[in-house]
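Enquirer: Can you keep this structure in mind? I'll have questions shortly.
What follows draws every value from the coordinates through simple rules; no lab data is involved. Just so it is clear, the structure is predicted and the values come from calculations on it, not from any experiment. Cβ coordinates were reconstructed from backbone atoms using ideal geometry, including for glycine residues, and neighbour counts include every protein chain displayed.
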Amino acid sequence: MPRQQFKLFEGLRRGDLKNSIDPIFTVDQFKSKMGEDKDVMVLRFRVEDKNPAIDIMEFLEKGYPFVLDADISSGEEKDGKYSVFVELERSKAASTQIKEILSGISQLCDNYEWKFRFHRDYHSMDFSEDAITEAVPLTPEEYESKLVEYQNADVNEFFDQGGLNGVNVDEDNNVTFEKAYSESLTAELVDIGDYETLKDKLPGAISLDESARGQVLYLEKYLGNYEIHKINEHFLIRNGKRALILKKTGW
């Protein structure tokens with residue numbers, strides 16, 4: 001991206017954070033603290049150490065009035081790095097605001113080439129205002145529509161074993177399963193993601209009473225070859241390193 005002049009606030013000079021910031025940032029990979037995700041987008045930058053992360057957080061909070069909030073990860077992450085989270089209002093102006101943010105950070109880290117990833121995508125895209133506008137929903141309505149699209153793709157990819165004829169997630173997070181010669185099955189989709197992360201979201205022991213065992217057996221026969229446990233009112237379903245949490249509603 002082209003170099004632009006930007007006045008750095010007192011205490012930071014151009015190039016002070018050279019080689020400290022990962023040139024790939026994410027958009028909407030993490031949930032907002034300031035409001036509903038449909039109204040607020042979250043950028044995440046990865047930084048080599050805690051002090052540079054604090055510098056970037058303060059730089060963004062003091063230098064950009066449109067930044068709703070900036071924060072850093074609570075501690076060192078597994079690879080020793082820190083994350084800086086930046087929250088912006090989800091609006092048509094966001095693509096230009098992100099460009100302004102990158103213009104300032106570029107002068108701190110002496111990097112002018114950026115890539116980004118949206119939501120759970122592993123594929124990185126070269127940054128431009130047009131690329132953000134195309135890939136990232138910039139209104140609440142676009143976000144909700146995009147989220148349903150992603151959730152359907154995630155859930156259908158998850159259930160790759162067994163004999164299901166169809167899986168559909170609606171805008172209210174209700175997931176409906178269709179199977180030949182069986183009635184449809186509906187449940188609430190609570191979350192989907194990494195197994196190690198999701199299992200910690202369900203406090204309590206695995207339910208082993210007769211009713212729970214019967215419900216788990218029913219799901220195993222209906223859904224296919226998955227590891228399924230009932231914990232309180234939720235079902236934790238595992239497929240390799242991925243997992244999904246369902247809550248019983250329509251059965």
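Enquirer: Every residue in the stretch 84-116 that is surrounded by fewer than 16 Cβ atoms within 10 Å (Cβ to Cβ), among the basic types (Lys, Arg) and under 17 Å from Asp39 (Cβ atoms), please.
Expert: Lys92, the sole residue that qualifies.
Enquirer: For the list (1) within 22 Å of Phe30 (Cβ to Cβ); (2) among the hydrophobic types (A, V, I, L, M, F, W, C); (3) surrounded by 15 or more Cβ atoms within 10 Å (Cβ to Cβ), I need the number of the one condition that Phe177 fails.
Expert: Phe177 satisfies every listed condition except (1).
Enquirer: Could you say whether any residue in the stretch 226-244 is within 28 Å of Glu36 (Cβ to Cβ) and over 25 Å from the mean Cα position of the chain (by Cα)?
Expert: Going residue by residue through the stretch 226-244, those that are within 28 Å of Glu36 (Cβ to Cβ) are 231-237, 242-244.
Within this subset, residues satisfying the condition of being over 25 Å from the mean Cα position of the chain (by Cα) are 232.
Taking every residue of the stretch 226-244 in turn, at least one turns out to be within 28 Å of Glu36 (Cβ to Cβ) and over 25 Å from the mean Cα position of the chain (by Cα).
Enquirer: Also, quick follow-up: Identify all residues within the stretch 63-83 that are loosely packed, with under 13 Cβ neighbours inside 10 Å and under 15 Å from Glu100 (Cα atoms); write none if there are none.
Expert: To start, the set of residues in the stretch 63-83 that are loosely packed, with under 13 Cβ neighbours inside 10 Å comprises 65, 74-80.
Residue satisfying the conditions is Pro65 alone.
Enquirer: Among Val169, Val190, Val216, which is among the β-branched types (Val, Ile, Thr), touching a residue at least 24 places away in the same chain (Cβ under 8 Å) and surrounded by 12 or more Cβ atoms within 10 Å (Cβ to Cβ)?
Expert: Among Val169, Val190, Val216, only Val190 is among the β-branched types (Val, Ile, Thr), touching a residue at least 24 places away in the same chain (Cβ under 8 Å) and surrounded by 12 or more Cβ atoms within 10 Å (Cβ to Cβ).
Table: residues versus (1) hydrophobic (A, V, I, L, M, F, W, C); (2) touching a Lys or Arg at 6+ places or on another chain (Cβ under 6 Å).
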| site | (1), (2) |
| --- | --- |
| Val175 | yes, no |
| Leu185 | yes, no |
| Tyr195 | no, yes |
| Lys201 | no, no |
| Val216 | yes, yes |
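Enquirer: In the set Val40, Val27, which member is in contact (Cβ under 8 Å) with a residue 60 or more places away in the chain, surrounded by 14 or more Cβ atoms within 10 Å (Cβ to Cβ) and under 16 Å from the mean Cα position of the chain (by Cα)? Spell out the reasoning first.
Expert: Values: Val40 fails: in contact (Cβ under 8 Å) with a residue 60 or more places away in the chain.
From the options Val40, Val27, the qualifying one is Val27.
Enquirer: Could you please find all residues in the stretch 165-185 being outside any loop (DSSP other than H, G, I, E, B) and closer than 15 Å to Glu220 by Cα? Quick ask: steps written out before the conclusion?
Expert: Looking only at the stretch 165-185, we keep the residues that are outside any loop (DSSP other than H, G, I, E, B), and these are 165-169, 174-179, 185.
Of everything in the stretch 165-185, those that are outside any loop (DSSP other than H, G, I, E, B) and closer than 15 Å to Glu220 by Cα turn out to be Phe177, Glu178, Lys179, Leu185.
Enquirer: Here is a follow-up. Just the residues that are in a loop (DSSP other than H, G, I, E, B), among the aromatic types (Phe, Trp, Tyr) and touching a Phe, Trp or Tyr at 6+ places or on another chain (Cβ under 9 Å), please, taken from the stretch 81-135.
Expert: So the first thing to find is which residues in the stretch 81-135 are in a loop (DSSP other than H, G, I, E, B), and the list is 81, 90-93, 110-114, 119-124, 127-128.
Subsequent filtering for residues that are among the aromatic types (Phe, Trp, Tyr) retains 112, 114, 122, 127.
Of everything in the stretch 81-135, those that are in a loop (DSSP other than H, G, I, E, B), among the aromatic types (Phe, Trp, Tyr) and touching a Phe, Trp or Tyr at 6+ places or on another chain (Cβ under 9 Å) turn out to be Trp114, Phe127.
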